[in-house]
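What follows is a short report on a single structure.
Every number here is computed from the coordinates shown, using simple stated rules; none is lab data. What you see is a predicted model, and the numbers here were worked out from it, not measured in a lab. Virtual Cβ from ideal backbone geometry, glycine too; neighbours counted across all protein chains shown.
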Amino acid sequence: MSSDIDTGKRRFLTAAASVVGGAGAAVVAIPFVASMAPSAKAEAAGAPVRVDISRLEPGQLLTVEWRGQPVWLFRRSPEIIADLATLNDQLRDPHSQQTSQQPQYAQNPGRSIRDDLMVMVGICTHLGCSPTFRPELAPADLGANWKGGFFCPCHGSRFDLAGRVYQGVPAPTNLVVPPYHFLGDDVVIVGESAEGAA
Ligand code: FES
């Protein structure tokens, strides 16, 4: 189950978390917000969002809402992690030197705290559309070198599985990594850095 909410500016999945698995692109929805409890109002106002990632398998994407924006949590496999470094010469800012696009603790090759989990605001840095998840390897429309990533249907910007923008597309910068931290292995708090983290 998922809800498609029109915010007036952009459309994206919310209210339920969507999980898209592997090259088969099977869509499985996992109820994420069970009820509109008072905490839902706090979250809408910008409070951090608690996300259970215990069922997120490698290759799957989970979408949650934070501050009215989609935030993606993507589980990377060892192969996907290894592929990231091979893309550097095709990217505009492979080493995340644009410091406005991520917290300091995500200024690393995976743009993440943990290599196996990408956390990213799912809004294109060109004009604000929400890119689509394209995990397939070398699909006909994205070319033989495509190793999975995100494609913005509005004007064709492309991003890899660390949210890094390709060269030669309209989006000027990498996708934004929101502040986040872990509570144990399986819970992510989106919208808040760990105490003392920059
Ligand atoms: S809004 Fe994404 S390419 Fe223009």
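At an R0 of 30 angstrom, the distance between the Cβ atoms of Cys154 and Ser54 translates into a FRET efficiency of 0.30. Around Asn145, under 12 Å between beta carbons, what's the net of Lys plus Arg minus Asp minus Glu among the other residues? Result for the local shell: -1.
In terms of its C-alpha gyration tensor, the stretch 61-156 comes out rounded, because the ratio a/c of the largest to the smallest axis stays below 1.5. Applying 1/(1 + (r/R0)^6) with R0 = 25 Å to the Cβ-Cβ distance of Ala197 and Asp115 gives a FRET efficiency near 0.90. Backbone amide hydrogens, once placed in the peptide plane, bring Gly148 within less than 5 Å of Ala138, excluding anything fewer than 5 places away on its chain.
A simple spin-label model places the labels of Ser77 and His95 3.0 nm from each other, with each point 7 Å out along Cα-to-Cβ. Other residues with beta-carbon under 15 Å from the beta-carbon of Asp160 carry, at +1 per Lys or Arg and -1 per Asp or Glu, a net charge of +1.
Between the stretch 92-164 and the stretch 179-198, the alpha-carbon centres lie 21 Å apart. Each Lys or Arg adds one and each Asp or Glu subtracts one; over the other residues with Cβ under 10 Å from the Cβ of Leu62, this totals +1. Placing dummy labels 7 Å off each Cα toward the beta-carbon, the span from Ala85 to Leu137 is 1.9 nm.
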